[in-house]
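In what follows, a structure is listed as structure tokens, so that the remarks can point back to it.
The numbers here are math on the coordinates, done by the rules we state, and not lab data. Being a predicted model, the structure only gives us computed values, none of them experimental. Here the Cβ positions follow ideal geometry from the backbone for every residue, glycine too, while neighbour counts run over all protein chains shown.
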Amino acid sequence: MADTGKGTNYARLALGAGILAAAAIGVAAFVPRRKLAVVTGPLTDLARTPVVAAVTAWALGLWHEATAPRAPVFDDLRPFDEF
């Protein structure tokens, strides 16, 4: 039996992207710019750390895996006939 747990679930990926987009639009629409600048000030220093580069590289690796071409999988469960 094929291992169906391997691979990317595009529905979950799309749902996560939609939630992140809705949160970004909500912050942009409802948080005043001055308060946002005060809150994000310490985050700009954090963005210059090597941890951010590592997380970015990890996310790009996931993206590369999700978009890589794959061979087709035939899972019809019929016996293989060589005659």
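Give, rounded to the nearest 20 debye, the magnitude of the charge dipole that the stretch 4-67 has about its Cα centre when Lys and Arg contribute +1 at Cβ and Asp and Glu contribute -1 at Cβ.
Around 220 debye, computed over the stretch 4-67.
Using the Karplus curve 6.51 cos²θ - 1.76 cosθ + 1.60 with θ = phi - 60°, what ³J(HN,Hα) values do you get for each residue of the stretch 51-66, in whole Hz, with x for Gly and Pro?
With coefficients 6.51, -1.76 and 1.60, one gets 4, 5, 5, 5, 5, 5, 4, 5, 5, 5, x, 5, 4, 5, 5, 6 Hz.
What does the convex hull of the Cα atoms come to per residue for the stretch 5-59, in Å³? Each step should come with its number before you reach the end.
Details: hull volume 5.1 nm³, N = 55.
Taking the convex hull of the Cα positions in the stretch 5-59, it is 93 Å³ per residue.
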